[in-house]
Structures are given as structure tokens and as C-alpha cells.
1. Quick one: order 181, 167, 96 by neighbouring beta-carbon count within 10 Å, fewest to most.
2. Grab the Cα-Cα distance for residue 71 and residue 54, subtract it from 0.36 nm times how many residues apart they are, and report the gain in nm with one decimal.
3. To one decimal place, what Kirkwood hydrodynamic radius in Å is obtained for region 60-106 from all pairs of distinct Cα atoms?
4. So how do 200, 43 line up by other beta-carbon neighbours within 10 Å, fewest first?
5. Based on Cα coordinates alone, diagonalise the gyration tensor for region 22-119, multiply each eigenvalue by 5, take square roots, and list the semi-axes in whole Å, largest first.
6. Please figure out what share of the DSSP beta bridges in the chain is antiparallel and state it in percent, rounded to the nearest 5.
7. By its C-alpha gyration tensor, with a ≥ b ≥ c as the square roots of the eigenvalues, how is the chain shaped: rounded for a/c under 1.5, else prolate for a/b larger than b/c, else oblate?
8. Compute the Cα gyration tensor for region 4-67, then decide on rounded, prolate or oblate, letting a ≥ b ≥ c be the square roots of its eigenvalues: rounded whenever a/c is under 1.5, prolate when a/b is larger than b/c in the other cases, and oblate in all that remain.
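Every number here is computed from the coordinates shown, using simple stated rules; none is lab data. As the structure is a computational prediction, the values presented were derived from the model and not from experiment. Cβ sites come from the backbone with ideal geometry, for glycine too, and all protein chains shown count toward neighbours.
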Ligand SMILES: [Zn+2]
């Protein structure tokens, strides 16, 4: 099963996508990280992506889907993939869905719902590791990263004006994608206004019957997924 994780910035989309990937033993496809990796390569494709990124344009949807198609050739992706950051637009969602049907892959989407007000509150409080870039939400009470020990800092673009622009983009580009999966009957909605651990618990309560998982995740297993003792 391919699982697409959605959520407004601040809802913990990336964090939860990683937890689902770890718990299910499925690889994660992070669109942003993948593009940055490709852009750093000294290849014609890398150069093309650099041009697109540096001029502030969005990477053409066809290019994104082509990369995913290539990625799915990898044997490790047979049982499923967790997607973080795709599809980016309504058109891309339709193309993605068609590609998955062609490849005879089942997919479902998870939407971690959080109001813009709550998301704004969280983003203003959130911290990022200065060394490994891991993101920490307000319910993480420490000054240092629990992964690498780096100092946690406030991200420069987590200021109210920049956040509002990101929210507007989310409403315009991503909400129609979520609606698309809802109309297909392929959407799980999760209340994002809970602790990180409770969100993960809710996700697995909903996923377990769909994936026919035999055992329930214990609380300590959920904590371990988030590197918490
Ligand atoms: Zn770190």
C-alpha cells in the first residue's frame, strides 16, 4: 500500500510520515529532499532542476512524476512507499493516481488536520536542529536535538508573514489534492490538534484494519518511533 501524508505546515506531516515509514518498514519518498539531492548532482537533470529552483518556479509536475516512476522501479518499493510532499497540485494528483492505477498499486491518503490558527501558534514556537535540520514541535521540551545533540534554533522563515504565504499556497495547491483523495474514498482524516504521540496512535488505529495489521502498536513502540524514551 502506498500512503500519502498531508497536513498544513505545523501539523507534523514530515514527523508522522517518518513514523509511519519506520513502523511499517516502508521506504519514504520526501519530495523536497529528493529535489535538493538531484539539484546537487552534476548532471543535465540536476542543472535543469537548479535553474527551476533558483528562478523561484515550481518544478514541472511531469518531472516529479517521472522521478517517482523511476523510484518505483526499485525493488524496495514493491510493498509500498510513504510519500511526503506529493502530489503538489490537483493536476499532479490526477496524473499520480493514473500512474498508480497503471502500475496496479493501491494508495491511500492521510490528512493531519489542524486549523491555521493552531498551526501558526505552533510554527512560531517550533525549533529546528542547527546540525541535522530535524524539526521539533512545542511538546518537545529540550534545548538540544535528541538525534544528534545539535542546538535547537528558530527558523528564519518561521515568521508570521512568511507563514501566511505558505498557508495561502497550501489552501490553493494542497487542499484540492486532499479533496481529490476524499472524493475517491481514499482519505483518512486525523485530528492534528493532539500530541505527536497521540497523532501517531490515531493514524495506526485507522490504518491497522485497512492494512490488516495483526498487532497494535504499544505506547513505548510509538515513543521509540519518535526517538523518545
Ligand atoms: Zn540534530
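1. Details: 181 21, 167 17, 96 24.
Fewest-to-most ranking of 181, 167, 96: 167, 181, 96.
2. Once the chain is fully extended between residue 71 and residue 54, it gains 3.7 nm.
3. Final number for the Kirkwood radius of region 60-106 is 11.0 Å.
4. Details: 200 24, 43 10.
Sorted ascending by nearby Cβ count, the order is 43, 200.
5. Semi-axes, largest first: 23, 19, 14 Å.
6. Percent antiparallel among DSSP bridges in the chain is about 25.
7. Values: a/c = 1.40, a/b = 1.08, b/c = 1.30.
In terms of gyration-tensor shape, rounded.
8. Details: a/c = 2.59, a/b = 1.83, b/c = 1.41.
Prolate, since a/c reaches 1.5 and a/b exceeds b/c.
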